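Peer 1: Have a look at this one before I ask anything.
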Amino acid sequence: MRSPWSARCAPASFDGAAITATGLAQIYKHVLVLQMPGLFPTWEKLDNARNAMRPKFDPEFEAAGFKIIGWGDVGIAHMMTKGFEVRHPADLKHKNTFFLAGDPIEPMVYSLIGDVTPVQLTVPEVLPALTSNKINVVNAPALAAEQLQWASRLDHLNTAPSGIGIGALIFSSAKLKELPADAQAALIETGKVAGEALTIRIRKEDGAAYGRLKARMTAYEPNDAEQAEWKDLFQKTRQRLKGAHFKPEVFDEAEKNAK
C-alpha cells in the first residue's frame, strides 16, 4: 500500500492512489466495519465478508467520486507493549496507548476498559512518542510496526489477533471517464491484477514480520479465560459503535458475513 499505515490524506486531491483505511474512511466511513475488533480473526473470514459486501461498498465510493479498482491489506494487528504483558484487557489500565485521528474503534475499546490514556497521534508521531515514553502500547500489524521502526521500541507481543488493517486501490471516477473505453478497461483490469498481487505479497510479508517479532520479543498467548475477556470486550465495542458510528444495516451485514 501507499505506506503500512498511511497518514490522513485528502481523497479529492489526487486522481488515484493506494490508501489504507484512514483514507478510505474519509470517502465512506462505514468501510471501517471491516476493521471491527475480533470480527475477522483470519484472512479467509475477511475475504468472505469483503467480497460479499462489495455490491454495497462500491456504489458508495462511486457516489463520492471514486472507483475501487482493487483491494489490499495492511496486516493482522497485535497488541505490542513496552515493558509489560497485556494478557487481560484490565492490564491496559493506567497505560498510554495511541490511536489515529478519525478512528472511532480503538478509543471505544479503551473507554470500555476505563483508566486508559489514549493519545491521538499521526503515524510520524508514533516513533518519537515511543522513544519519549509518551506511549507504551501499540496495536498494529507486525509489518507496519517493523517498517515504521515502532517495533524497535517495543518488547512484548500478544499473539492473539486484535483485528485486521485494510486498504484499497482507488481512482477518480471523473478521470477514469475521461479515458478512452479501451484505456478504462485496461486500467480496471490492471488494478484488479495489482490488487490481488499486492494482497498476496503484503500478507506474506506481514506473516514473516510477525515471525521475526515473535522470535525477538517476549511473546505470549492468552489462555482460554483471557481470550474470553477480549472476546467480550470486542463484542461490547461493536455494539456501542453500531448506530453511533456505523449504519446498523452495514454493521449487521458485516457480522452476518463474519460467521
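Only the coordinates and a few stated rules stand behind these numbers; no lab work does. These numbers were taken from a predicted model, which means no experiment stands behind them. Backbone-built Cβ (ideal geometry, glycine too); neighbour counts: all protein chains shown.
Peer 1: Let's test the formula: R0 of 30 Å, r as the Cβ-Cβ distance of A181 and N48. What FRET efficiency results, to the nearest 0.05?
Peer 2: FRET efficiency, A181 to N48: 0.35.
Peer 1: Tally Lys/Arg at +1 and Asp/Glu at -1 over every other residue whose Cβ is under 12 Å from the Cβ of A225; what's the total?
Peer 2: Summing Lys/Arg as +1 and Asp/Glu as -1 gives -2.
Peer 1: Taking the Cα atoms only, what angle lies between the long axis of helix 224-241 and the longest principal axis of the chain, rounded to 10 degrees?
Peer 2: 50
Peer 1: Nearest 10 degrees, 0 to 90: what angle lies between the long axis of helix 181-216 and the longest principal axis of the chain (Cα atoms)?
Peer 2: On a 0 to 90 degree scale, this one is about 10.
Peer 1: Report, by chain and number, residues whose modeled amide H sits under 5 Å from the one on V119, excluding near sequence neighbours (fewer than 5 apart, same chain).
Peer 2: T97, F98, F99
Peer 1: What residues have an amide H closer than 5 Å to that of G70, excluding those fewer than 5 places away on the same chain, when H is modeled at 1.01 Å from N in the peptide plane?
Peer 2: Those lying under 5 Å, H to H, from G70 are L169.
Peer 1: Here is a follow-up. Enumerate the calculated ³J(HN,Hα) couplings along the stretch 243-259 in order (Karplus 6.51 cos²θ - 1.76 cosθ + 1.60, θ = phi - 60°), each rounded to whole Hz, writing x wherever the residue is Gly or Pro.
Peer 2: Going residue by residue, I get x, 6, 10, 10, 4, x, 5, 6, 4, 4, 5, 4, 5, 4, 7, 7, 7 Hz, with x marking Gly and Pro.
Peer 1: Continuing with this model, one more query. Which of P118, P59, P37 moves most in a GNM of the chain, Cα contacts under 10 Å?
Peer 2: Of the options given, P59 has the highest mean-square fluctuation.
Peer 1: In whole Hz and in residue order, list the ³J(HN,Hα) couplings for the stretch 44-56 that follow from phi through the Karplus curve 6.51 cos²θ - 1.76 cosθ + 1.60, θ = phi - 60°; x for Gly and Pro.
Peer 2: 4, 5, 5, 4, 4, 5, 5, 5, 5, 9, 4, x, 8
Peer 1: Let me ask something additional. Taking H placed 1.01 Å from N in the peptide plane, check which residues at least 5 places from G75 or on another chain put their amide H under 5 Å from its amide H.
Peer 2: Long-range HN contacts for G75: G165.
Peer 1: OK, next. Hey, if you put +1 on the Cβ of every Lys and Arg and -1 on every Asp and Glu Cβ in the chain, which of H78, A225, P118 ends up farthest toward the positive end of that dipole?
Peer 2: So the residue we want is P118.
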